[in-house]
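Structure, as structure tokens:
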Amino acid sequence: MLPTNTTIRQEILESRGLNFDGFIFWISLGALFGIALLLNIGFTLALTFLKSSGSSRVMISHEKLAKMQESEDSSYGEPVKENSRSTPMTNKESYKGRMVLPFEPLTVAFQDLKYYVDTPLEMRERGFADRKLRLLYDVTGSLRPGVLSALMGVSGAGKTTLMDVLAGRKTSGYVEGEIKISGYPKVQETFARVSGYCEQTDIHSPNITVEESVIFSAWLRLAPEINSKTKAEFVNEVLETIELDAIKDSLVGIPGVNGLSTEQRKRLTIAVELVANPSIIFMDEPTTGLDARAAAIVMRAVKNIVNTGRTIVCTIHQPSIDIFEAFDELILLKTGGRIIYCGTLGKHSSQVIEYFEGISGVLKIRNNYNPATWVIEVTSTSAEAELCVDFAQIFRESVLYENNRELVKQLNTPPPGSKDLHFPTRFSRNFWGQFKSCLWKLHLSYWRSPSYNLMRIMHTATASLLFGVLFWDHGQKLDNQQDLFNIVGSSYLAVVFLGINNCSSVIPNVARERTVTVEIPYLLIQALSYVIIGYPMIGYYWSAYKLFWDFYGMFCTMMFYNYLGMLLVSLTPNSMIASILSSVCYTSFNLFAGFLIPGPKIPKWWIWMYYMMPTSWALNAMVTSQYGDIDKEMIVFGETKKLSSFIEDYFGFHHDRLPITAAVLIIYPLVLAFLFAFCIERLNFLRR
């Protein structure tokens with residue numbers, strides 16, 4: 001019974017140490033405003049005076065370091081030049097003569113190709129009657145070895161659509177027509193093994209070097225029968241062909257922040273595809289976003305690949321004169337996906353100029369005018385309307401069209417003695433080979449990511465130290481229920497705060513690179529640092545059994561929070577949405593952890609949430625293993641009660657159910673990791 005002059009409010013506030021005088025309210029309010037103002041001032045000063053590092057990070061190999069030391073006296077202070085070869089190989093014979101891995105040159109012939117998509121709802125509402133919208137219309141042409149072909153047209157003409165259809169990368173829509181590879185019908189599963197595709201966006205692991213990026217692609221995509229020495233020689237050949245050998249030890253870095261330039265990233269994208277030794281390579285606008293010099297460097301690398309005898313096709317948009325005339329053949333599309341020119345460019349674009357100038361009413365090209373720009377201008381929709389002509393129809397009635405169809409007819413016939421493409425397996429490497437390659441790359445990437453791994457380890461160590469200081473030597477000094485609530489609160493705070501930090505930090509990281517296994521060593525380090533620092537400082541019972549349970553509970557907590565963040569990334573289109581969803585999970589984890597509201601006190605219609613939350617099982621394991629077998633007597637709300645009995649009655653933690661708790665705890669991260677792997681494979685938020 002409380003004294004008659006003590007209210008419940010006073011008793012509760014005093015038990016929590018919060019029974020202050022009224023003026024403290026205004027002091028607290030002022031302190032909050034002061035802290036907010038101080039943080040804003042600090043934020044302003046940091047933006048003003050602190051500059052983020054934007055310089056390229058370079059890893060120097062032992063070989064390059066030795067060369068630099070030898071030439072230190074003669075070239076001290078000079079920057080490393082990218083152009084390392086004094087006599088670059090630019091002729092076809094040079095590249096063909098030094099091929100490390102042979103490949104089979106292949107042709108691509110396509111005839112009467114059509115591509116449809118379902119008509120968007122907005123167009124149907126505006127009166128468009130057809131259920132299908134045609135994007136390509138009777139496209140016929142060919143791609144040949146040693147010939148650099150360009151796909152060009154105005155925006156929306158369908159050049160990227162045509163290339164995606166030929167490469168088999170469309171995930172929706174309907175394709176009609178015929179595509180043959182060296183005279184045999186195209187089978188996508190086998191075609192993917194002999195072709196490469198360079199995306200317009202250059203996506204690479206930022207924390208591995210140029211050479212390691214190419215090696216990783218080689219390990220994954222070259223046949224396992226090829227020995228390691230041959231693979232290494234081929235990697236070096238690719239780096240020389242793309243002219244990346246001088247910067248092979250540079251870290252890729254983050255675009256716009258550090259590492260490689262845009263042009264170097266583009267060449268790395270090409271190298272990553274080339275090292276798979278494909279016969280056919282598709283490139284989506286390889287020069288877009290580059291200045292004239294950078295575009296020329298990229299196109300020089302592309303020409304080097306063509307000189308090896310491979311089949312190369314590029315989409316191109318508004319090229320310069322030099323870039324345009326680097327191509328051998330041109331496939332020009334107009335709006336609606338119809339071909340208006342398919343043939344050779346000729347020297348200084350003479351043949352394409354001659355063809356269009358031969359059409360009545362077309363303006364002659366001016367001296368020194370860009371032929372690519374001129375072709376786009378004279379064949380635009382407005383030019384067609386002004387001249388009252390249909391360039392697609394003119395092309396279909398031309399001799400060039402007949403010659404094109406005759407060539408396609410020839411290429412549709414398999415050469416004598418040839419056979420269709422066949423591979424015994426879908427992928428060149430089995431699961432174990434892929435796993436080892438990915439583990440190697442991710443190990444390097446994680447080891448070179450101190451902003452992620454070192455910071456979360458330091459956060460765990462600092463938080464553990466703070467918990468140890470706040471709850472110093474309270475682990476065994478339990479005289480009443482408040483002492484127990486305090487110590488259970490320390491475990492609750494550790495589970496929630498350390499787990500939330502892990503989940504929040506893994507979301508942006510795994511959005512860039514998918515990983516599961518390589519996280520485990522770092523989570524082990526975090527759990528060990530928590531136990532090594534916090535356990536003795538708080539003064540828990542010294543027992544190997546209890547020490548292991550504390551470690552096990554924290555390790556499982558780290559894992560399920562991490563894999564939860566990964567799963568949210570796999571379920572959402574971007575990391576921002578994943579972060580928002582994680583906040584919903586944090587709220588549930590906090591409310592139903594069993595500390596704010598103990599399990600026996602939760603309403604029956606919400607008790608399923610308590611058993612669903614992994615935090616409740618983690619807190620159960622850490623508290624029950626520590627105190628579930630301790631029969632020490634303590635004062636509980638004015639009564640004497642054994643510690644183990646009070647934990648069982650108040651929190652619902654039963655010591656004899658620890659094996660079940662252990663099993664449930666390990667099931668959570670396993671299930672979340674499996675769901676992450678399944679969703680990352682099955683769910684695709686990109687539509688082509």
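None of the figures in this text is laboratory data; all of them are computed from the coordinates on show. Computed from a prediction, not measured in an experiment: that's the story for all the values here. Note: ideal-geometry Cβ built from the backbone for every residue, glycine included; neighbour counts use all protein chains shown.
Which of the aspartates and glutamates could a cross-linker bridge to K364, judged by Cα under 12 Å and excluding same-chain residues fewer than eight apart?
E354, E377
Order of 478-487, 319-328, 292-301 by packing, highest average Cβ count within 10 Å first?
Descending packing order for the listed peptides: 319-328, 292-301, 478-487.
Per DSSP H run of at least 4 residues, take -39500 (n - 2.57); add these up for the chain, divide by its residues and hand me the 222 nm value, nearest 500 deg cm²/dmol. Could you put the intermediate results ahead of the total?
Details: 28 runs with 346 residues, N = 688.
When only DSSP H runs of four or more count, the value is -15500 deg cm²/dmol.
With only Lys, Arg, Asp and Glu charged, each at its Cβ (+1 for the first two, -1 for the last two), find how big the charge dipole of the chain is about the Cα centre; round to the nearest 20 debye.
It works out to roughly 860 debye.
Which of K231/K266; K159/K419; K303/K436; K347/K419; K546/K641; K334/K419 have a Cα-Cα distance over 26 Å?
Cα-Cα > 26 Å for K159/K419; K303/K436; K347/K419; K334/K419; rest within.
Work out from phi, with θ = phi - 60° and the Karplus expression 6.51 cos²θ - 1.76 cosθ + 1.60, the ³J(HN,Hα) of each residue of the stretch 236-252, listed in order in whole Hz, and give x for Gly and Pro.
After applying 6.51 cos²θ - 1.76 cosθ + 1.60, I find 4, 5, 4, 4, 6, 4, 8, 6, 10, 5, 6, 10, 5, 9, 7, 5, 5 Hz.
Leaving out same-chain residues fewer than 8 places away, which aspartates and glutamates sit with a Cα under 17 Å from that of K186?
Hits, sequence-local ones excluded: E104, D112, D164, E176, E178, D420.
When we measure straight from the Cα of K642, which aspartates and glutamates land under 12 angstrom away, once same-chain ones fewer than 8 places off are left out?
List returned: D479, D629, D631, E633.
Calculated FRET efficiency, K632 and L493, Cβ-Cβ r, R0 22 Å, to nearest 0.05?
On the way: r = 23 Å, r/R0 = 1.07.
Working from the Cβ atoms, E equals 0.40.
Near the amide H of V636, under 5 Å away, which other amide H atoms are found, from residues 5 or more places off or on another chain, if H is placed in the peptide plane?
K641
If the chain between I577 and L596 were fully stretched, how many nm would it gain, using 0.36 nm times the residue separation less the Cα-Cα distance?
Gain in length upon complete extension: 4.0 nm.
What is the dipole size for the stretch 449-682, taken about its Cα centre, with +1 at each Lys and Arg Cβ and -1 at each Asp and Glu Cβ, in debye to the nearest 20?
I would put it at about 520 debye.
Let a ≥ b ≥ c be the square roots of the eigenvalues of the Cα gyration tensor of the stretch 366-412; is it rounded (a/c under 1.5), or, if not, prolate (a/b larger than b/c) or oblate?
oblate
Per 0.36 nm of contour for each residue apart, how much would the distance between T230 and T587 grow if the chain were fully extended, relative to their Cα-Cα spacing?
Contour length minus the Cα-Cα distance gives 123.0 nm.
If amide hydrogens are placed 1.01 Å from N in the peptide plane, which non-local residues have theirs closer than 5 Å to the one on L345?
So L345 has HN proximity to E329, L330.
Return the long-range amide H neighbours of Y197 (sequence gap of 5 or more, or a different chain), with a cut-off of under 5 Å between placed amide H atoms.
Here F282 satisfy the definition.
Return the sequence-ordered ³J(HN,Hα) values of the stretch 359-369 in whole Hz as given by the Karplus equation 6.51 cos²θ - 1.76 cosθ + 1.60 applied to θ = phi - 60°, using x for Gly and Pro.
Once θ is set to phi - 60°, the couplings for the stretch 359-369 become 8, 4, x, 6, 5, 6, 6, 7, 4, 6, 8 Hz.
Cα centroid distance between the stretch 508-541 and the stretch 552-579, in Å?
14 Å
Across the stretch 512-529, in residue order, what do the Karplus-derived ³J(HN,Hα) couplings come to in whole Hz, using 6.51 cos²θ - 1.76 cosθ + 1.60 with θ = phi - 60° and x for Gly and Pro?
3J(HN,Hα) across the stretch 512-529, in whole Hz: 8, 9, 7, 7, 9, 5, 5, 6, 4, x, 6, 5, 4, 4, 4, 5, 5, 5.
Need the full-extension length gain, L470 to A223, defined as separation in residues times 0.36 nm minus the C-alpha distance. One decimal, nm.
Full extension from L470 to A223 adds 83.1 nm.
Students often check this: by mean Cβ neighbours within 10 Å, which of 257-263, 381-387, 159-165 ranks highest, and how do the rest follow?
159-165, 257-263, 381-387
Dipole size in debye (nearest 20) for the stretch 103-143 around its Cα centre, Lys and Arg Cβ +1, Asp and Glu Cβ -1?
200 debye
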